[in-house]
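Structure first, then comments.
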Amino acid sequence: MSKCCRRDSGACAEPVWFHLDCSSYFNCGGSGGGFLVDPSLLLYATGGLAVGEVKFSNTPTLTLQRFDGNSNTPIGGPVSATGATVSESNTRVGWTLGAGLEKKFTPNWSAKLEYLYVDLGTKTYFSGTGNDIDVRFRDHILRAGFNYQFTAGPVVAKY
């Protein structure tokens, strides 16, 4: 669960809880550049276009508790009412920026570690209802992996 705030409450006095699932798909494309620190270690920066599917859902819940007027002692158990779940899924386009390093540890194998900041923008839900919710679709991604280079030299066609 994540928290966002109503548009009219800058101090987050009235939090609204929502579930954000960004696991369906995410892709980014762009360019980057780097430099060799030594013959086997590459440091690089990257950035560009980010595209991802985001899902937003919200289920309003109201809980009431009755209290004794003199001692503020609860009377009975709380009563909860749950409203209908509202959900939406769409594709968002934004940007990404990151940095990484790649270390070659054999002639064909290397390991890499990369950080990406992804910003897919902000969308307002329930606009004009008095319960406007601004949802920011942002994420921090840390990726690690291994790469294998299939050939040590250029590929030459033989006829």
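The values are calculated or read from the model by the stated rules, or taken from the named source; none is laboratory data. Keep in mind it's a predicted model, so treat the numbers as computed, not measured. Please note: Cβ atoms are built from the backbone with ideal geometry, for glycine as well, and neighbour counts cover all protein chains shown.
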Task: SER80 touching a residue at least 24 places away in the same chain (Cβ under 8 Å), out of contact with any Gly (no Cβ under 9 Å at 6 or more places or on another chain) and under 29 Å from ASP134 (Cα atoms) - done: no
Open item on the list: Out of VAL135, VAL79, I need the residue that is within 14 Å of the chain's Cα centre (by Cα), more than 30 Å from PHE35 (Cβ to Cβ) and modelled with pLDDT under 90. Which one?
Closed with: VAL135
TODO: Considering only the stretch 39-60, state which residues are hydroxyl-bearing (Ser, Thr, Tyr), in a strand (DSSP E or B) and at pLDDT 85 or above.
DONE: TYR44, THR46
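Per-residue answers, yes or no, for (1) closer than 30 Å to LEU42 by Cβ; (2) touching a residue at least 24 places away in the same chain (Cβ under 8 Å); (3) of a type in the set (A, V, I, L, M); (4) in contact with a Leu (Cβ under 9 Å, 6 or more places away or on another chain):
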| position | (1), (2), (3), (4) |
| --- | --- |
| GLY94 | yes, yes, no, yes |
| SER110 | yes, yes, no, yes |
| LEU116 | yes, yes, yes, yes |
| LEU120 | yes, yes, yes, no |
| TYR125 | no, yes, no, no |
| ARG136 | no, yes, no, yes |
| LEU142 | yes, yes, yes, yes |
| VAL156 | yes, no, yes, no |
Open item on the list: Kindly evaluate TYR125 against the criterion of being more than 30 Å from GLY32 (Cα to Cα), surrounded by 15 or more Cβ atoms within 10 Å (Cβ to Cβ) and touching a strand residue (DSSP E or B) at 6+ places or on another chain (Cβ under 9 Å).
Closed with: yes
TODO: Search the stretch 14-33 for residues being assigned to a strand (DSSP E or B) and in contact with a Gly (Cβ under 8 Å, 6 or more places away or on another chain), and hand back the single one that is modelled with the lowest pLDDT.
DONE: PHE26
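Condition check ((1) of a type in the set (Asp, Glu); (2) surrounded by 15 or more Cβ atoms within 10 Å (Cβ to Cβ); (3) part of a loop (DSSP other than H, G, I, E, B); (4) at positive phi) across all residues:
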| residue | (1), (2), (3), (4) |
| --- | --- |
| ARG92 | no, yes, no, no |
| LEU97 | no, yes, no, no |
| PRO107 | no, no, yes, no |
| GLU114 | yes, yes, no, no |
| ASP119 | yes, yes, no, no |
| VAL135 | no, yes, no, no |
| HIS140 | no, no, no, no |
- [ ] Please state which one of LEU64, LEU36 is at pLDDT 85 or above and under 30 Å from TRP109 (Cβ atoms).
- [x] LEU36
TODO: Determine whether SER87 is surrounded by 10 or more Cβ atoms within 10 Å (Cβ to Cβ), at pLDDT below 85 and not acidic (Asp, Glu).
DONE: yes
- [ ] Could you tell me whether GLY33 is exposed (fewer than 10 other Cβ atoms within 10 Å of the Cβ) and of a type outside the set (A, V, I, L, M)?
- [x] yes
Open item on the list: Go through (1) over 29 Å from GLY34 (Cα atoms); (2) part of a strand (DSSP E or B) for SER71 and report which single condition fails.
Closed with: (2)
